[in-house]
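Before any comments, here is the structure.
The values are calculated or read from the model by the stated rules, or taken from the named source; none is laboratory data. Quick caveat: nothing in here was measured; it's all calculated off a predicted structure. Cβ placement follows ideal geometry from the backbone for every residue including glycine, while neighbour counts extend to all protein chains displayed. Calculation scope for accessible area: heavy atoms of the full protein, side chains included, ligands and nucleic acids excluded. Shrake-Rupley method; radii C 1.70, N 1.55, O 1.52, S 1.80 Å.
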Amino acid sequence: MALKTPEQYEESLRKMNFKIYLMGEQVKNPVDHPIIRPSMNSVKMTYTLAQDPKHEDLMTATSHLTGKKINRFCHLHQSTEDLVKKVKMQRLLGQQTGSCFQRCVGMDAINAVDSVTFEMDQKLGTQYHDRFIKFLRMMQEEDLTVDGAMTDPKGDRSLSPSQQADPDLYVHVVEKNEQGIVVRGAKAHQTGAVNSHWILVMPTMAMRKEDTDYALSFVAPADAKGITYIYGRQSCDTRKLEGVEIDVGNARFGGHEALMVFDDLFIPWEQVLMCGEHEYSGLLVERFAGYHRQSYGGCKAGVGDVLIGAAAVAADYNGAAKASHIKDKLIEMTHLNETLYACGIACSAEGHKTASGTYLINLLLANVCKQNVTRFPYEIARLAEDIAGGLMVTLASEKDLCHPKIGKMVEKYFKGVASISTEERCRILRLVENLTLGTSAVGYRTESMHGAGSPQAQRIMIARQGNLEHKKKLAKNIAGIKE
Ligand code: SF4
Ligand code: FE
C-alpha cells in the first residue's frame, strides 16, 4: 500500500481498540468524539495532502529501503534537501490546519532511533538496528502514524529515576524473560497519542549506570493491552461540546496530548530497541530533541502565518488596516515568524550524514531555532491581540448572535466596517482567541515554550555546541594576544 488515503487512515483508527479516558469517562469511539475529532482531522491532513500532486514533492519521498513512494512522515532523511523539505512540509501543514498535526513526533523518533541503534550495534555488538529496520519497513508499507514518546513524568526533579519514592515515575523494565520484557511507568504530554497506530518509546534523558533499567526504547501497537490513555484538557475545549462552530475558533482542526500509562505492558524482544545500554540514552535524547527543535521552525511558522493573517483580517474588519502602527505590527510579526523559519531551514541546510546514512540537522542551529520558538510566538500572539482589540475576549456567544430576540442587537453593535457581516468579524476574532488563548494556544504558546524541551534544555545544548574556546582564540588573534 505505501500510501494510505485519508479515508483509509480514518477507517484504520476505527479498528483500533484504545483504552482512553476523557473527563472521567471511557471513550468508546474516539474518532467521532467532538473533542478528539478535530485533532484526528489534523493528522488526516498529512494523508490528504500526500495525495495531492501539487504537494507531492514535499509530502512524499522515495523510500531508501524499497524505492517506493512513501509519506515523508515515514521517511529517513537521505540528504540535507530532505531535511529542508521536511521543514517546508511542516510549514505547509501548519498553514492548512492552524494547529499541531501531531505526526512529526514519530518522524523525528524514527530518524533518531535509526542512527543511534546503528551506532550502538557497531560499538556494542547488539542487534537493535535490524529490528528497527523491520519495523520501519512495516511503517512505510502501511503508512502508519507513529507516536514518538519521550517525556516521563519525572516526579521529584532533584532525584534520579532509581532514587524516586515511586520507581514508576520513569518508564522502566520490571521483568525480563525469554519472550520479552515487561514495562511499567508512563509518558506524559504525548502529542497525537490516540491518533496513532504505533508508539515508539525512548528514554527521557541521559541515564547513569544505576538507572540502567530506565535506558529503554521499544515499539508497540498504540492499542496494546496494558496501555491506558488519559486525555489532556485544553483551554476552552468544552466549547466543542456546545454544538456551536464560530465560538470554537478553529472548528475543524486541533491537536491533543495525553498521559500514556504502561501497566505491566509486555514487549516481545523483536520490538525492543534499547534495553539497558544507558550510555546511548543521552545520544538518543539529543538527536530526537534536535530533530523536534528543527520541526518547530516549520510547524510554528505555519501556524504563525495563520495568526498573522487573522490579525490582518481583523484589522481590515475593524477599519484599522491603513493605520501605520498596525502595518508596522504586522511587519514585526512577519519578521519574527520568518526568523523562526529561517532557523529551521538553516539547521537543515547545515545538516550532515550519520554513520547509518541518515542525515542529522546541525544541532547548534536547531537549538537556536527552538530557543527562538520559546519567545517569538509569544510576541506574535501579543501583537495579534493588540491588533484584534479587546472584543476578541468580550464578544457575545454564537448562540446570542443567532438568537431570535437579541441576535439583532449583537449583529448591530458588534459590526465593524459596513461591508463585512458581524458573523465574519466574530469568526476571525474567535480564531485569534483560539490561537492565543484557546485550544490551539496549547500548541502555539505553551508547547512553543516546553515542547521538544524547555528553554533551559536548549541553553545547555547551545553552551555545549557553541565552541566558546574557538571564539576566544579568534578574539585573541585579532587583539594581537599571543597564547
Ligand atoms: Fe509537529 Fe509541531 Fe505538533 Fe510537534 S508541535 S508534532 S512539530 S506540528
Ligand atoms: Fe511538540
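Between the listed residues Ser162, Phe135, His172, the Cα displaced farthest toward the positive end of the dipole of the stretch 127-203, a dipole computed from Cβ unit charges relative to the Cα centre, is found at Ser162.
Using a cutoff of 8 angstrom between alpha carbon atoms and counting only pairs six or more residues apart, the relative contact order for the stretch 283-474 works out to 29 percent.
Scoring 469-475, 54-60, 358-364 by mean Cβ neighbours within 10 Å over their residues and listing the highest first yields 358-364, 54-60, 469-475. Applying 0.36 nm per residue to the separation of Glu81 and Arg459 and subtracting their alpha-carbon distance, the gain on full extension is 133.4 nm. No disulfide-compatible partner, judged by a Cβ distance under 4.7 Å, exists for the following cysteines of the chain: Cys74, Cys100, Cys104, Cys236, Cys275, Cys299, Cys347, Cys402, Cys426. Carbon-plus-sulfur accessible fraction, the stretch 326-483 (probe radius 1.4 Å, protein heavy atoms only): 59%.
Near Ile199, the amide H atoms lying under 5 Å from its own belong to Asp147, Ala220, Ala222; only residues 5 or more places off or on other chains count, and H is placed 1.01 Å from N.
When peptides 145-152, 297-304 are sorted by average Cβ neighbour count within 10 Å, with the highest value leading, the order is 297-304, 145-152.
Packing around the peptides 424-430, 322-328, taken as the average count of other Cβ atoms within 10 Å per residue, puts them in this order, highest first: 424-430, 322-328. By the combined test of axial Cα extent (at least 20 Å) and Kyte-Doolittle hydropathy (mean at least -0.5), the qualifying DSSP H helices of the chain come to 104-124, 281-318, 324-349, 422-436.
Just want the answer: with Cβ charges of +1 for Lys and Arg and -1 for Asp and Glu, which residue in Gly407, Ala396, Ser348 is farthest toward the dipole's positive end in the stretch 324-408? Of the candidates, Gly407 comes out farthest on the positive side.
Multiplying the residue separation of Ala206 and Tyr413 by 0.36 nm and subtracting their alpha-carbon distance yields 68.7 nm.
Projecting the Cα positions of Leu144, Gly192, Gln122 onto the charge dipole of the stretch 113-213 (unit charges on Cβ atoms of Lys, Arg, Asp and Glu, taken about the Cα centre) puts Gln122 furthest along the positive direction.
With R₀ fixed at 22 Å, the C-beta to C-beta distance from Asp400 to Ile420 puts the FRET efficiency at about 0.75.
What FRET efficiency do you get for Glu142 and Ala321 if R0 is 45 Å and r is their Cβ-Cβ distance, rounded to the nearest 0.05?
0.40
For the chain, the relative contact order is 18 percent, taking Cα pairs closer than 8 Å that sit 6 or more residues apart in sequence and dividing their mean separation by the residue count. Annotation: amide H-H contacts under 5 Å for Ala186 (H modelled 1.01 Å from N, sequence separation of 5 or more, or interchain): Val171, Phe262.
Entry comment: accessible area of the chain is 42 Å² per residue, from protein heavy atoms only and a probe of 1.4 Å. With a Förster radius of 35 Å applied to the C-beta separation of Thr339 and Leu468, the computed FRET efficiency comes to 0.90. Within the stretch 157-219, the GluC sites (Glu not before Pro) that combine a DSSP coil assignment with at most 14 other C-beta atoms in a 10 angstrom radius are Glu178. Once you've got the Cα coordinates, tell me which of Lys123/Lys209; Lys88/Lys240; Lys4/Lys69; Lys353/Lys471 are over 19 Å apart. Flagged as over cut-off: Lys88/Lys240; Lys353/Lys471. Potential lengthening of the chain between Asp264 and Ala479 amounts to 71.1 nm, from the contour at 0.36 nm per residue minus the alpha-carbon distance. Given a 1.4 Å probe and the protein chains all in place, what does the accessible area of Cys402 round to, in Å² to the nearest 10? Rounded to the nearest 10, the figure is 90 Å². Can you give the calculated 222 nm mean residue ellipticity of the chain, where each DSSP H run of n ≥ 4 adds -39,500 (n - 2.57) and the sum is split over every residue, rounded to the nearest 500 deg cm²/dmol? Rounded to the nearest 500, the figure is -14500 deg cm²/dmol.
Placing +1 on the Cβ of every Lys and Arg and -1 on the Cβ of every Asp and Glu, with nothing else charged, gives the chain a dipole about its Cα centre of roughly 1200 debye.
With each label modelled as a point 7 angstrom along the Cα→C-beta vector, the Gln122-Gln95 pair spans 3.8 nm.
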